[in-house]
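Each reported figure results from applying straightforward, stated rules to the coordinates on display, with no laboratory input. Small disclaimer: the values here were computed from a predicted structure and weren't measured. Note: ideal-geometry Cβ built from the backbone for every residue, glycine included; neighbour counts use all protein chains shown.
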Amino acid sequence: MENCIFCKIVAGEIPSPRLYEDDKIIVIKDIEPKAKLHYLCIPKVHFAYLSEMDEARAEIVKHCFQTIPKIAKDLGLEDGYRVIINQGVNGGQAVLHLHIHLLGGEVLGGF
Ligand code: AMP
Ligand code: ZN
């Protein structure tokens, strides 16, 4: 998708070291971390919103949720972590390419 920052990162047009990559997703460090550890799990295919779910996209999101706990384990987050999807304007979604936040490395505040 043109002018999508995460598509550009997936394509390697914007350099961003990958903590993890496979055929469906990449995991990168958030550029403005909101916790001691803050990573983003980004599907390689572009779609903007959780609300645009279909079978193929659901498979990808499922894969994200199967991969994130493994990454969290590798990061040593056995005491817990937080996973967030921001949806739409009221949800605070700034980048319109679906992504899942993984936050941890400290005791996180409540909402
Ligand atoms: P959201 O508000 O859920 O759309 O979150 C977007 C996230 O992407 C924010 O936490 C930003 O700090 C992060 N972000 C924006 N640009 C980049 C980038 N080039 N590399 C890594 N993270 C980014
Ligand atoms: Zn995109």
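Data table
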read-out	value
Top positive-direction residue, dipole computed over the chain with Cβ charges, set Val83, Val107, Ile5	Val107
Gyration tensor verdict on the chain (Cα atoms; rounded if a/c is under 1.5, prolate if a/b is larger than b/c, oblate otherwise)	rounded
Dipole magnitude of region 1-43 about its Cα centre (Cβ charges: Lys, Arg +1; Asp, Glu -1), debye to nearest 20	220
Contour excess over end-to-end distance, with Cα ends at Cys4 and Arg57 and 0.36 nm allotted per residue	17.3 nm
Zone residues, region 12-46, relative to Glu106, backbone N less than 13 Å from point 7 Å out along Cα-to-Cβ	33-38
Residue-averaged [θ]222 nm for the chain, counting only DSSP H segments that reach four residues, each worth -39500 (n - 2.57)	-8000 deg cm²/dmol
Angle in degrees between helix 55-74 and the longest Cα principal axis of the chain, rounded to the nearest 10	30
Charged-residue dipole, Cβ positions (Lys, Arg, Asp, Glu), the chain about Cα centre, Debye nearest 20	180
Relative packing of peptides 26-35, 93-102, 42-51 - highest average C-beta neighbours within 10 Å first	93-102, 42-51, 26-35
Stretch gain in nm, segment His46-Phe65, where the contour uses 0.36 nm per residue and the Cα spacing is subtracted	5.1 nm
Shape call, region 34-95: gyration tensor on alpha carbons, a/c limit 1.5	oblate
